[in-house]
Every structure is written in C-alpha cells, then in structure tokens.
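**Student:** Here it is, the structure, as structure tokens.
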Amino acid sequence: MEEREVEERVVEIEHPLPCLSESDTQGIIKGRDLFGYVGIEAVLDQMRRKTMKAGFEFNIMVVGQSGLGKSTLVNTLFKSKVSRKSCTPNYEEKISKTVHLQSVSHVIEEKGVKMKLTVIDTPGFGDQINNENCWEPIVKYVNEQYEKYLKEELNVNRKRRIPDTRVHCCVYFLPATGHWLRPIDVEFMRRLGKIVSIVPVIAKADTLTLEERLEFKQRIRQDLQANGIRVYPQKEYDEDAEDRILNDKIRENIPFAVVGTDKEHQVNGNKVLGRKTKWGIIEVENVAHCEFAHLRDLLIRSHLQDLKDVTHNIHYEAYRVKRLNESNANGLALSPLILENGTLEKSDRKPILTDVCRTVTGQAYGCM
C-alpha cells in the first residue's frame, strides 16, 4: 500500500497540469500540451455553415438633405439597385414638408452568403426653411426599433430568432460647402451619436479641390471634437492594440469624402465605376480620386459585424437598462415609451410583463 502511494506521488511530479499554479482556478492548455487532435477548430466551420444557412441582417440609415446623392451612394456600396428611389416605379422627387422615414429591404446573396439588407431613408430632412426639431422623427424611429426588440425579448413565448430591425449604422451626408459644420449637422450628430453608430461623409466630394477637401475634413474633425460628438468607431470601444491601430487609421480619414455612381466606363481597357466629366473620369473605387473605398471597407468588409455588436452590446444595452429601470420603478409592467419631446408612444399593445429574472445594475427585474 505504501509503495502504491509513493508511485502515485512520483507520477504527479513527473506529469504536472500545464499552466496551473496554486492560485489559478483554471489552466490554459495549448496545442503542444494536447495528447492529439481534438477538433476544436471545427467549431468555426460549424458557425460558418449555420450563418450561411440562416443568413444575417444589416440595417443602414442614410440621412441628409435632398440632392446629396444618398440613393446613388447606397446603390454604389452594394452594387445593385437597393435604394428606395431605385426600387419605386415612376418615382417622383418631391420635397416633403415633414420628415418621413421610409425603408426598403432586399436579400442579397454573394458566394452562398445571404444578407437581408434594409435601407432606411429620411426624405424631408433638412429641406425646410425652419428645420427645428427635424431630427425628432429619426430619434423616435431608432428608439422604436429598440423598444420592439425589447418587447420581443420579454415575451413569455419568445421567437427562436428575434427579427432585428434595429439601426446598425447611420451614414450622415454633409454638403461639400468647404466651411464648417452647420448648426443642424452639429445638433443631429450630437443627439443621434448617443443612440446609434454614426459615420459622417462628405457628399459629392468631386466639387472640392484636393486642398479644399483636406481643409474641410480638418475643420469637421475640429467641430466634432469641440462639440463632443461621438462618431463611429469610438476609441473607448477598441478591444485591443490591433483594433486600435486599425481604427486609428479610420478615425484619421473621417469624414470620408465620397463620390457615388452606378455607371461604368472604360479606363485603360478596364470597366470601372466612375463619373465622366469633360476633364476626365472620376473613378469611384480609386483612393486617389475619392475615399469611397475606405467607406465601403468600413461598412461591409472590415466592420460590419462590429457595427452590429456595438448596436447590440452598447446602444441597445443602454436603452434596455434605462427601460427596465423605469419598469422597476413602475412595477412589473413595461412602462409606455416616452419620446424625446416628452409625449408618449402611441401603441395599441398592452404592456408586456417580464417573464424571466434579468439582472441590471445589480437589481433583479420581473422575477415571476
């Protein structure tokens, strides 16, 4: 018996657990410490297959006064007729007396990956002589989508997959004045930057010379900083040094000076998207001509998922905490949504009782 105990103690000394110490609660076992192939990396393939089957959603809002090329730029981004203007037969351009939000959805498929794209347009914004409070319908719409998602989350019988209509990104179009931000630009971005990810762009940037464009971008960045306006990507959301390096390059280019078009031209034997002038062809995807490629990479190729994560984990979470704190003060029922102007949301739906215990800021809500 004593010999067996000695042998066991010897084995423990010869084969200690990797990366464990007395103070550790869990160890890190790396590839060199495994006895053989486990197959953990196959999880990525599983996630990819599930995502390709189910597809994903991306909701983008475009805001700016009429005539800045919002519809054209959206079509250029996704290389298809996805804007409301392009999809409406016999469309007539009318200046709306008030801001009306309209959305159009498409399913875009590329190499087996499906994306449900929803483009939210804001006709009438900034087109009036008096534009006071013209941002209120937009703030209301963004909050309504958060409210809709929250109510679905709190239903007793929840859907397996909650439809996501929350605005993942708001592209704000600035006119190429070459001066400073207008009061309406400052006020809109200051208010919306708190509840949604805003990406400002200089529309029709080909109307500025390179020197004018550089000076205008610098002035806008100064205005943004002076007014405490939060635009995407925010420094506080950088997860690590690699993210910080990538996002610093993006922040240096904000606002993006862009040109949009859906017409192709021949340049040196190649077809390119561009605007033809009597001085030559402005190539949309040529970074020497404009910064459209930087905007496209940010919105689609490098930060699309991050935009969705920031929407869910930051903006929606802040809204959820606020609403559940309100419901806690008013009992179990989710109180009616109070809009920015102090009025109540009109809704025929009854308040929904929370069906699960949710811990928010250390308090439990709706434990039934």
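The values are calculated or read from the model by the stated rules, or taken from the named source; none is laboratory data. Small disclaimer: the values here were computed from a predicted structure and weren't measured. So basically every Cβ, Gly included, is an ideal-geometry build from the backbone, and we count neighbours across all protein chains shown. To get the accessible areas, we keep the full protein, side chains included, count just its heavy atoms, and leave off ligands, DNA and RNA. Shrake-Rupley method; radii C 1.70, N 1.55, O 1.52, S 1.80 Å.
**Student:** Of all the C-alpha pairs in the range 148-305, what % are more than 27 Å from each other?
**Tutor:** Working: 4441 of 12403 pairs.
Tail of P(r) above 27 Å: 36 percent of Cα pairs.
**Student:** Please list the radius of gyration and Dmax for the range 50-206, considering alpha-carbon atoms only, with Å as the unit.
**Tutor:** That works out to 16.7, 54 Å for Rg and Dmax.
**Student:** Calculate the spin-label point distance for Lys194 paired with His106, positioning each point 7 Å from the Cα along the beta-carbon direction, and give it in nanometres.
**Tutor:** 3.5 nm
**Student:** If you filter the range 219-280 for GluC sites (Glu not before Pro), then keep DSSP loop positions with at most 10 other Cβ within 10 Å, what is left? Kindly include the intermediate steps, with their values, before the conclusion.
**Tutor:** Values: sites: Glu236, Glu239, Glu242, Glu252, Glu264; in loops: Glu239.
Here the sparse-neighbourhood loop sites are Glu239.
**Student:** Would you mind pulling out the separation of the Cα centroids of the range 294-326 and the range 193-240, in Å?
**Tutor:** 18 Å
**Student:** Mind giving me the nanometre distance, one decimal, between the label points for Gln234 and Arg251, set 7 Å out from Cα along Cα→Cβ?
**Tutor:** Calculated label separation equals 1.2 nm.
**Student:** Rounded to the nearest percent, how much of the accessible area of the range 181-239 (1.4 Å probe, protein heavy atoms only) is carbon and sulfur?
**Tutor:** Accessible surface attributable to carbon and sulfur in the range 181-239 totals 47 percent.
**Student:** A further question follows. Could you derive backbone 3J(HN,Hα) for the range 316-321 from the dihedral phi with the Karplus parameters 6.51, -1.76 and 1.60 (θ = phi - 60°), listing whole Hz in sequence and x where the residue is Gly or Pro?
**Tutor:** With the stated coefficients, the range 316-321 comes to 5, 4, 5, 5, 4, 4 Hz.
**Student:** Okay, moving on. Residue by residue, what Karplus-based ³J(HN,Hα) values in Hz, rounded to whole numbers, does the range 291-308 have, using 6.51, -1.76 and 1.60 with θ = phi - 60° and x for Gly and Pro?
**Tutor:** Once rounded to whole Hz, the list reads 9, 4, 4, 5, 5, 4, 4, 5, 6, 10, 8, 10, 10, 4, 5, 5, 4, 5.
**Student:** Heavy-atom accessible area per residue, the range 29-80, 1.4 Å probe: how many Å²?
**Tutor:** Values: 3310 Å² over 52 residues.
Here the residues of the range 29-80 average 64 Å² of exposed surface.
**Student:** What FRET efficiency, computed as 1/(1 + (r/R0)^6) with R0 = 56 Å and r the Cβ-Cβ distance, is obtained for Asn227 and Ala42, rounded to the nearest 0.05?
**Tutor:** So, using R0 = 56 Å, E works out to roughly 0.70.
**Student:** Tell me, rounded to the nearest percent, the portion of alpha carbon pairs in the range 161-209 spaced more than 14 Å apart.
**Tutor:** That fraction is 59 percent.
**Student:** Here's a follow-up. Using a 1.4 angstrom probe on the protein heavy atoms only, line up Arg244, Arg323 by accessible area, largest first.
**Tutor:** Arg244, Arg323
**Student:** Continuing with this model, one more query. Got the relative contact order for the range 113-254 handy, in percent, Cα pairs under 8 Å and 6 or more residues apart?
**Tutor:** Values: 116 pairs, mean separation 28.9, N = 142.
Relative contact order for the range 113-254 comes out at 20 percent.
**Student:** Count charges around Pro255 for me, please; just the other residues with Cβ under 12 Å from its Cβ, Lys/Arg as +1, Asp/Glu as -1.
**Tutor:** Within the 12 Å Cβ shell, the charges total +1.
**Student:** Counting other Cβ atoms within 10 Å, keep those with at most 16, restrict to DSSP loop, and tell me which GluC sites (Glu not before Pro) in the range 104-209 are left.
**Tutor:** Numbers: sites: Glu109, Glu110, Glu132, Glu144, Glu147, Glu152, Glu153, Glu187; in loops: Glu132.
Here the sparse-neighbourhood loop sites are Glu132.
**Student:** Let me ask you something else. In Å, what Rg and Dmax follow from the Cα atoms of the range 200-274?
**Tutor:** 15.9, 48
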